[in-house]
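Peer 1: My questions all concern the structure below.
The values are calculated or read from the model by the stated rules, or taken from the named source; none is laboratory data. Bear in mind the structure is a predicted one, so any value in this text is a computation, not a measurement. Here the Cβ positions follow ideal geometry from the backbone for every residue, glycine too, while neighbour counts run over all protein chains shown.
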Amino acid sequence: MHLVKGYVGTGIFSMGDAMKNGGLIFGPITTFLIGMICLHCCHLLVNSAHMLHKHYKLDRVPDYADTAKLSFKLAAPEFPAWAFVAKLTVNVFLIMAQVGFCCCYLVFISWNIRELLIAYKVPLDIHSIIALVVIPIWITCLIRTLKCLAYLSIIANCTLLTSIAIVLYFAFTIPTSECPAGLLVPGISEYAIFFGQSIFAFEGIGLVLILYNEMSEPEEFYETYGVLNIGLHMVTVTYIFFGAVTYLQFGNDIKETVTLNLNTSEYLGQLVLVLISVGVSFSFSLQLYVAVDITWPKIVFWLGPFKYPVWVELWFRTALVITICKLKL
């Protein structure tokens, strides 16, 4: 559940625009290749962590950054500084990526709510909406364990799947506009934009080892018909299908996110905006979990032990949410 939720986020609603930039031939082919490369990288990461866990006889499987550190330590023992730099680099990039995803989520939710408010003629600027939206998001970010976040993931998956189904309903029932010239070979600049949009859609690699460590039967995660293979294949096929269908429906008029193409004067269009906003809001805490999982142990090591560690962690999570909000205001 967490794996699908970690990968299926706001990026899927931009796949129609990605197909416009990549074309209906090169777009699906490249998306499939990106998905398979991503799957291969996930397997390399899990297998490396598993091997290092056995080699160094660790208590638990190392996380993403520790896997990089131990890999350098094993491969180049004469350069111990490389191991430290590798761990630091992975941690910094992971935190930047996850905070960036959270910023995108916050803007995405706010723009959808803005479209909904416009439909009801409620004048509210985007900055005010962001300030209001961040309050319920902050509450979900106070959840400290993945087991508890699983309930939010179930709700988020249901709302996002329902909204995807409604968008596809619009795509198949509304009379199609002029057929886009999507079979043409894309230019370098358009293809570069498509590549960036597709890479952004596959955003969940930071969660892979965290989920692997949390599983009661880890071997079911990476086996042939395990969680990783089935989940990534489902996500890849969904991205290709959703992107191609929405692009064929809305043509070259498709927006950066397909939700902006929907008719918000209809109840179904409004329902999509509500469902997506709820689903992405519940996904926010899962993306932030990675950044907290990296930084919080370091804070405890440097500044701890704390008299009230739970309260300090909650204040730290609150500070992260406020920082993300300030970045977007």
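Residue-wise test of (1) modelled with pLDDT under 85; (2) of a type outside the set (Val, Ile, Thr); (3) in contact with a strand residue (DSSP E or B) (Cβ under 6 Å, 6 or more places away or on another chain).
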residue: Val237; (1), (2), (3): no, no, no
residue: Phe242; (1), (2), (3): no, yes, no
residue: Thr246; (1), (2), (3): no, no, no
residue: Leu262; (1), (2), (3): yes, yes, no
residue: Val280; (1), (2), (3): no, no, no
residue: Leu303; (1), (2), (3): no, yes, no
residue: Thr318; (1), (2), (3): no, no, no
residue: Thr323; (1), (2), (3): no, no, no
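Peer 1: Report every pair of residues separated by at least 6 positions or lying on different chains whose Cβ atoms are under 6 Å apart, first residue within the range 114-130 and without any contact (Cβ under 8 Å) to a residue 40 or more places away in the chain and under 21 Å from Cys325 (Cβ atoms), second among the small types (Gly, Ala, Ser) and assigned to a helix (DSSP H, G or I).
Peer 2: Final answer for the pair search is Ile126/Ser110; Ile129/Ser110.
Peer 1: Would the range 36-44 turn up any residue that is under 19 Å from Lys87 (Cβ atoms) and β-branched (Val, Ile, Thr)?
Peer 2: no
Peer 1: Does Ala86 qualify as being in a helix (DSSP H, G or I), out of contact with any strand residue (DSSP E or B) (no Cβ under 9 Å at 6 or more places or on another chain), modelled with pLDDT of 85 or more and among the small types (Gly, Ala, Ser)?
Peer 2: Yes; evaluated as a whole, the condition is true for this residue.
Peer 1: Quick test for you: out of Val321, Val290, Val258, Val237, pick the one residue that is within 23 Å of the chain's Cα centre (by Cα), crowded, with 19+ Cβ neighbours inside 10 Å and under 30 Å from Ile25 (Cα atoms).
Peer 2: Val258
Peer 1: Can you tell me which of (1) in contact with a Lys or Arg (Cβ under 8 Å, 6 or more places away or on another chain); (2) crowded, with 19+ Cβ neighbours inside 10 Å is the one Ile113 doesn't meet?
Peer 2: That leaves (1) as the condition not met.
Peer 1: I'd like to check something: does the range 92-104 contain any residue that is touching a Lys or Arg at 6+ places or on another chain (Cβ under 6 Å) and surrounded by 13 or more Cβ atoms within 10 Å (Cβ to Cβ)?
Peer 2: Yes; the residues of the range 92-104 include at least one that is touching a Lys or Arg at 6+ places or on another chain (Cβ under 6 Å) and surrounded by 13 or more Cβ atoms within 10 Å (Cβ to Cβ).
Peer 1: Where the second residue is aliphatic (A, V, I, L, M) and the first is in a loop (DSSP other than H, G, I, E, B) and lies in the range 190-206, which pairs have Cβ atoms under 8 Å and are six or more apart or on separate chains?
Peer 2: Sorted first by the residue in the range 190-206, then by its partner, the pairs are Phe202/Ile34; Phe202/Val235; Glu203/Ala97; Gly204/Leu3.
Peer 1: May I pose another question? For a quick check of your reading of the model, give me the residue pairs whose first member lies in the range 275-298 and is in contact (Cβ under 8 Å) with a residue 40 or more places away in the chain, whose second is among the charged types (D, E, K, R) and in a helix (DSSP H, G or I), with beta-carbon atoms closer than 8 Å and at least 6 apart or on different chains.
Peer 2: Correct list of pairs: Ser283/Lys5; Leu286/Lys5; Leu288/Arg317.
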